[in-house]
Amino acid sequence: MLNKICIATFCLFVCLIACADAQQKKMLPLRVSANGRYFETTDGKPFFWLGDTGWLLFTRLTREETEQYLTDRQQKGFNVIQVMVLPGVTSANIYGDSALVAKNVSHPLTTPDAQFTDTTQYDYWDHIDFVIAKAAEKGLYMALVPVWGSPVKAGLVTEKEATAYASFLAKRYKDYPNVIWMNGGDIKGSDSMNVWMAIGNTLHREDPGHLVTFHPRGRTQSSDWFHNASWLAFNMFQSGHRRYDQDTAAGDKKYGEDNWKYVNVDYNRKPVKPVIDGEPSYEGIPQGLHDPKEPFWKDGDVRRYAYWSVFAGACGYTYGHNAVMQMHKHGDGAGVYGVREFWEDAIKAPGAGQMIYLKQLIYSRSYADRVPDQSLVADNGTGYKRLAATRGKDYAFMYTYTGSKISVKMGRIAGSRVKASWYDPRNGRISEIGEYANKGVVVFDPPGEEQEGNDWVLVIDRVK
């Protein structure tokens with residue numbers, strides 16, 4: 001009887017693995033489009049990056065919790081999860097499995113394949129395999145940070161060790177269709193640049209089928225150091241968590257909350273590469289990051305960052321929540337950054353549920369011909385009153401964060417007449433306004449009172 005049970009259990013396990021493999025094969029790797037502006041799958045379908053920062057997913061969640069988190073993000077329309085492979089050189093997962101031998105990244109602590117004797121939890125790397133495969137089942141790409149910036153800056157990773165470690169990662173994950181490499185990790189490229197170049201070059205050389213970028217320090221961008229590096233497929237910046245008056249950046253990079261300015265810089269660089277805000281202000285985190293006595297960023301703020309950057313020409317957007325990015329749990333104590341929620345509650349935050357409406361809007365019109373075009377705006381404001389505009393051949397979108405009037409210069413899209421509508425970024429609902437001649441200047445007044453968070457998208461379509 002015992003042998004029959006063991007055989008049945010083994011057969012069930014093999015079936016589950018086979019089903020997961022079959023599902024994973026349905027996903028296709030990503031590549032940069034021919035015009036260099038956005039992503040697409042390798043069969044040529046446009047891909048709008050809608051990311052979530054699940055930084056500590058590999059180390060903080062059990063398999064059951066991982067299933068819960070990934071299912072929620074799939075249901076909310078996210079398609080990329082940004083996560084640290086190694087938060088530090090002493091990293092261990094929730095099961096107590098260490099990642100490295102003697103804190104050396106060139107010696108990952110792996111064990112022989114134990115799948116026939118232990119179907120619950122293997123070693124640190126087997127757990128990562130499980131999570132990546134589970135994400136693939138749900139159509140989610142995993143943007144993997146090989147090693148976070150802090151241990152590298154502390155001198156705990158040499159160039160030689162980094163090369164060996166990146167080679168290990170490339171060989172292990174090159175056949176997974178849903179992998180993206182995110183070099184760096186909240187650090188300036190000039191800090192230990194030889195290590196970052198070693199990781200980038202090795203991943204690009206040994207795993208050419210996956211995209212590579214660099215996640216930089218707050219209020220910096222990958223292009224500051226690596227735009228011309230052969231391994232950098234697309235640019236990423238971190239607009240950070242500070243208000244206008246908290247921005248201490250020097251020189252012409254004092255952008256404050258204007259994350260669209262980073263997009264402008266990279267959008268106009270040559271050669272052309274996609275650009276994305278990989279870490280804007282998180283929902284549920286104190287403004288300025290460190291002082292919980294400050295106001296906390298809300299859903300309206302993350303919508304503003306999203307629409308500002310995408311309409312400026314970004315190829316997608318990464319959302320984040322304070323409790324989710326650190327996977328804050330019951331029993332953790334105070335946590336960091338003034339966290340006030342637990343991850344399983346924070347995944348239901350309003351901003352997370354609203355991100356899908358941006359993706360749906362972008363996918364609703366022709367994708368490849370969309371460009372930023374501020375010439376649509378006849379009368380613009382600054383700060384929160386700034387209007388952001390983008391268009392394709394037959395349509396235009398204009399975003400207001402405060403619900404202020406939008407003065408539109410007509411004639412920027414095709415056709416003699418256009419139809420105007422309001423799009424609500426909180427729920428994706430559309431309300432028609434009317435038809436207009438496609439010439440001159442037309443002023444549109446959004447619903448509601450003018451105030452922060454009363455944001456709307458004016459949609460203008462050619463009447464055919």
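The values are calculated or read from the model by the stated rules, or taken from the named source; none is laboratory data. This is a predicted model, so every value here is computed, not measured. When we count neighbours, we look across all protein chains shown, and the Cβ atoms used for this are built from the backbone with ideal geometry, even at glycine.
Structural remarks
- Of all residues in the range 388-403, none are in the same structural domain as PHE47 (by TED's automatic domain parsing), touching a Pro at 6+ places or on another chain (Cβ under 7 Å), of a type in the set (Ser, Thr, Tyr) and buried (at least 18 other Cβ atoms within 10 Å of the Cβ).
- Restricting the first member to the range 29-50 and to residues that are within 17 Å of SER309 (Cβ to Cβ), and the second to residues that are surrounded by 14 or more Cβ atoms within 10 Å (Cβ to Cβ) and acidic (Asp, Glu), the beta-carbon pairs closer than 7 Å and six or more apart or on different chains are PHE47/GLU40.
- Hey, LEU86 in contact with a helix residue (DSSP H, G or I) (Cβ under 8 Å, 6 or more places away or on another chain) and either within 28 Å of ILE276 (Cβ to Cβ) or surrounded by fewer than 21 Cβ atoms within 10 Å (Cβ to Cβ) (or both) or not: yes
- Of the helices (runs of 4 or more DSSP H) lying entirely inside the range 317-364, not one is found with 3 or more residues being among the β-branched types (Val, Ile, Thr), closer than 15 Å to TYR305 by Cα and at pLDDT 95 or above.
- Residue, nearest to HIS227 (Cα to Cα), within the range 243-273, restricted to residues that are touching a residue at least 12 places away in the same chain (Cβ under 8 Å) and β-branched (Val, Ile, Thr): VAL272
- Filter result for the condition that a residue is buried (at least 22 other Cβ atoms within 10 Å of the Cβ), assigned by TED's automatic domain parsing to the domain that holds ALA162 and at positive phi, over GLY240, GLY189, GLY256: GLY240
- Residue tally, condition part of a helix (DSSP H, G or I) and either without any contact (Cβ under 8 Å) to a residue 60 or more places away in the chain or touching a Cys at 6+ places or on another chain (Cβ under 7 Å) (or both), over the range 159-178: 12
- Among the residues of the range 376-387, at least one is buried (at least 22 other Cβ atoms within 10 Å of the Cβ) and out of contact with any Lys or Arg (no Cβ under 7 Å at 6 or more places or on another chain).
- Restricted to the range 1-112, the set of strands (runs of 3 or more DSSP E) holding at least 3 residues that are of a type outside the set (D, E, K, R) and either at pLDDT 95 or above or more than 18 Å from the chain's Cα centre (by Cα) (or both) comprises 49-53, 80-84, 104-108.
- Residue count for the range 179-232 under the criterion of being among the acidic types (Asp, Glu) and either part of a strand (DSSP E or B) or touching a Pro at 6+ places or on another chain (Cβ under 6 Å) (or both): the result is 1.
- Residue in the range 377-394 that is modelled with pLDDT under 95, over 24 Å from GLU257 (Cβ atoms) and over 23 Å from the mean Cα position of the chain (by Cα) present: no
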